[in-house]
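The values are calculated or read from the model by the stated rules, or taken from the named source; none is laboratory data. What you see is a predicted model; the values in this text were computed from it and never measured. Every residue, glycine among them, receives a Cβ derived from its backbone with ideal geometry; neighbour counts consider all protein chains shown.
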Amino acid sequence: MGQAEVAVGRDEKDGVYVVRPLTAPPRATVSVPGSKSQTNRALLLAALAEGRSTLRGALFSDDSRVFADSLRRLGFEVAEDAAARVIDVAGQGGRIPASQADLSVGNAGTAARFLTAFLPLGQGTYSLDGTPRMRQRPIGELLAALRSLGADVESMHGDGCPPVRVRASGLPGGEVTLDASRSGQFLSALLMVGAYAARGLAVRPSGPIASPPYIDMTLTMMAQWGVVASRSEDGAYMVRAGQRYQGRVYEVPPDASGASYFLAAAAITGGTVRVRNLALATDQGDLGFVEVLERMGCAVTRAGADIEVTGPERLHGIDIDLHGMSDLTMTLAAIAPFAESPVIIRNVAHIREQECDRLAASAAELRRLGAEVEEWVDGLAIQPSTLHGASIHTYDDHRMAMAFALPGLVVPGVVIENPACVAKTFPDYFACLEALSRR
């Protein structure tokens, strides 16, 4: 299989990105940035810890930068070396140095949820706000839980969304029932701060948890820093008071969500793409996308810590519940029209309240490309389709931009609007796409 030539470029005048088809199936090895989910969890755990922590392989993106900046505004010493992908944080043992801070988290959902749960541990008054879209993203269930645990927190506009005000005097803690069906980040946020509540924490989910693999990630990372949570027979998560995180060196693994785009590129082009060290992302539910591609007919090779995918002559359709890896809905949707039979995506209603209404946006952009798609309340049904070029609306959503660039590797005329939005989690995405054949 010969080397592919990739011609992908940005039209600076119009602020769009033109994706040109590959001239041959790629044979490539790529490296992707560190996990967003694990970088932001590590930042919070490092701030809570006693002593200094060093995060190696950390993600440097808009999301991680607003988190680090928020910690600095709260009085923490945070040193960043983007070239080395290293972040150092001087933990304060559960103390927040500043007694007043106004935090701006952009549209970073993890920063908004994790910091909202963190702020009651302080002594003072804090506010947290974000973009207009962040002001539409619900956080009311987390605020209600924190109030039940003794925190003085409020949605400043009374609509259950940011901006949020916190009048902090420590977190009493105790038992609480939580609805985490909209976002598992509500539960992760409470669990990570639970050991610093005066009475500890017992949180009982009232129904299904959105993206449950991320809860397992949270519990694993908590234990790695020194705080252990347990699970009762009735399903409550319990974190004993008095435990303390200890500063440490933490290696952030590659981001499985970021890797999905390059593996999907192999799937629709019949090429071969290897992602370095992807097998180390064992705590990320999105690593399961490798198995999805395998079910769709791709050949998967595991070589040490690397994972390699080779695309088939034609992808098979699939009927799949993506609740546990819902961030990959857009990736699968973007390659679905290339399958020989329908692709059905189920149980992802909660992604309507993320950076954009991701189900509606995916359906709209697939239709713009010429695909036949049916949109449901909680999923999509996508038929085999012959696509044509189109200008893709990205809704200021990084995952829409990255996923819907993929058809352009096969179909001429795909143009990505507002490509800069990928800076949220993968600033170098299009450069990596350009260099696909040269790696």
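Quick notes on this structure:
- Which listed residue, of 309, 273, is touching a Phe, Trp or Tyr at 6+ places or on another chain (Cβ under 6 Å) and not in a helix (DSSP H, G or I): 273
- A search for C-beta distances below 6 Å between a residue of the stretch 37-58 that is touching a residue at least 40 places away in the same chain (Cβ under 8 Å) and surrounded by 24 or more Cβ atoms within 10 Å (Cβ to Cβ) and any residue that is part of a loop (DSSP other than H, G, I, E, B) and of a type in the set (A, V, I, L, M), counting only pairs 6+ apart in sequence or on different chains, returns 38/252; 39/58; 39/59; 39/252; 55/252; 58/252.
- Residue count for the stretch 75-114, restricted to those that are in contact with a strand residue (DSSP E or B) (Cβ under 7 Å, 6 or more places away or on another chain) and in a helix (DSSP H, G or I): 1
- Screening the candidates 344, 268 for the property of being touching a residue at least 12 places away in the same chain (Cβ under 8 Å), part of a strand (DSSP E or B) and farther than 23 Å from residue 108 by Cα yields one hit, 344.
- The set of residues in the stretch 146-178 that are of a type in the set (A, V, I, L, M), surrounded by 15 or more Cβ atoms within 10 Å (Cβ to Cβ) and more than 14 Å from residue 118 (Cβ to Cβ) comprises 176, 178.
- Of all residues in the stretch 388-397, none are charged (D, E, K, R), within 19 Å of the chain's Cα centre (by Cα), in a helix (DSSP H, G or I) and not assigned by TED's automatic domain parsing to the domain that holds residue 106.
- For the residues 366, 359, the requirement of being among the aliphatic types (A, V, I, L, M), within 17 Å of residue 408 (Cα to Cα) and in contact with a strand residue (DSSP E or B) (Cβ under 9 Å, 6 or more places away or on another chain) singles out 366.
Per-residue answers, yes or no, for (1) touching a residue at least 12 places away in the same chain (Cβ under 8 Å); (2) crowded, with 21+ Cβ neighbours inside 10 Å; (3) more than 21 Å from residue 244 (Cα to Cα):
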position	(1), (2), (3)
180	yes, yes, yes
200	yes, no, no
216	yes, no, no
221	yes, yes, no
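- Qualifying positions in the stretch 60-77 - among the aliphatic types (A, V, I, L, M) and either under 19 Å from residue 193 (Cα atoms) or modelled with pLDDT under 95 (or both): 68, 71, 74
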